[in-house]
Amino acid sequence: MPHGSELEDKVSRQVEAAVAQADLVLFVVDASVGALDEDESVADWLRREDRPVLLVANKADNTRREDDTWQFLSLGLGDAVPVSALHGRRAGDLLDVVLERLGDKAI
């Protein structure tokens with residue numbers, strides 16, 4: 001995980017510990033801006049960690065933004081699940097995918 005200031009270092013250590021223990025990592029990206037360099041860096045790190053990752057594209061507030069989530073394929077983490085946290089759009093779909101991915105661990 002990339003490091004910076006003292007606070008960023010502390011946050012990075014917490015993230016690293018959480019990912020190491022996670023049954024499934026939800027990596028949330030911003031569908032309104034597309035894949036950023038920072039997203040690429042985090043995706044590279046997550047692939048090296050060899051943990052199950054579910055890519056979630058938040059702010060997919062309309063059909064156009066949902067259709068544009070294909071651009072996140074460049075992160076190498078599979079298809080993004082489009083959601084809008086603000087509007088609750090596709091929240092149930094996300095839950096279904098999470099439960100499916102967790103399998104018996106969801107119980």
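The values are calculated or read from the model by the stated rules, or taken from the named source; none is laboratory data. Only a predicted model underlies this, so the values are computations on that prediction, with no experimental measurement involved. Glycine also receives a Cβ, built like all others from the backbone with ideal geometry; neighbour counts cover every protein chain displayed. SASA here: full protein model, heavy atoms, side chains in, ligands and nucleic acids out. Shrake-Rupley method; radii C 1.70, N 1.55, O 1.52, S 1.80 Å.
Among the listed residues 15, 53, identify the single one that is under 25 Å from residue 102 (Cα atoms), open to solvent by less than 20 Å² (accessible area, probe 1.4 Å) and among the β-branched types (Val, Ile, Thr).
Details: 15 fails: open to solvent by less than 20 Å² (accessible area, probe 1.4 Å).
After ruling out the rest, the residue left standing is 53.
Looking only at segment 21-39, which residues are open to solvent by less than 60 Å² (accessible area, probe 1.4 Å) and of a type outside the set (Val, Ile, Thr)?
The first filter runs over segment 21-39 and keeps only residues open to solvent by less than 60 Å² (accessible area, probe 1.4 Å), leaving 22, 24-25, 27, 29-32, 34-35, 39.
Residues satisfying the conditions are 22, 24, 27, 30, 31, 32, 34, 35, 39.
Give me the pairs, please: first residue somewhere in segment 33-51 and without any contact (Cβ under 8 Å) to a residue 60 or more places away in the chain, second residue anywhere and open to solvent by less than 50 Å² (accessible area, probe 1.4 Å) and assigned to a helix (DSSP H, G or I), beta-carbon distance under 7 Å, and either six or more positions apart or on two chains.
Every condition considered, the pairs that remain are 35/72; 35/75; 39/75; 40/75; 43/75; 49/19; 51/19.
Is it the case that some residue within segment 26-34 is in a loop (DSSP other than H, G, I, E, B) and more than 17 Å from residue 77 (Cα to Cα)?
First, the residues of segment 26-34 that are in a loop (DSSP other than H, G, I, E, B): 31-34.
From what is left, the residues that are more than 17 Å from residue 77 (Cα to Cα) are 32-33.
Yes, that holds for at least one residue.
Could we say that residue 86 is in a loop (DSSP other than H, G, I, E, B) and at pLDDT below 95 here? Don't jump to the end; show me each part of the working.
Working: in a loop (DSSP other than H, G, I, E, B): yes; at pLDDT below 95: yes.
In short, yes.
What pairs can you find where one residue is in segment 57-76 and within 14 Å of residue 36 (Cα to Cα) and in contact (Cβ under 8 Å) with a residue 40 or more places away in the chain, the other is assigned to a helix (DSSP H, G or I) and open to solvent by less than 50 Å² (accessible area, probe 1.4 Å), and their Cβ atoms are less than 7 Å apart, with a gap of 6+ or different chains?
Going by the 7 Å Cβ cut-off, the qualifying pairs are 75/39; 75/43.
Search segment 34-50 for residues being charged (D, E, K, R) and closer than 26 Å to residue 102 by Cα, and hand back the single one that is modelled with the lowest pLDDT. I'd like the intermediate steps shown before the answer.
First, the residues of segment 34-50 that are charged (D, E, K, R): 37-40, 44, 47-50.
Now restrict to residues that are closer than 26 Å to residue 102 by Cα: 39-40, 44, 47-50.
Details: 39: 97, 40: 97, 44: 96, 47: 95, 48: 95, 49: 94, 50: 88.
Selected residue: 50.
Which of the residues that make up segment 48-71 are part of a helix (DSSP H, G or I) and among the charged types (D, E, K, R)?
Our first condition is that a residue be part of a helix (DSSP H, G or I); within segment 48-71, this holds for 48-49, 63-71.
Residues satisfying the conditions are 48, 49, 64, 65, 66, 67, 68.
May I ask you to list the residues in segment 89-101 that are open to solvent by 40 Å² or more (accessible area, probe 1.4 Å) and part of a helix (DSSP H, G or I)? Walk me through it before giving the result.
Filtering segment 89-101 down to residues open to solvent by 40 Å² or more (accessible area, probe 1.4 Å) leaves 89-93, 95-97, 99-101.
91, 92, 93, 95, 96, 97, 99, 100, 101, listed by residue number.
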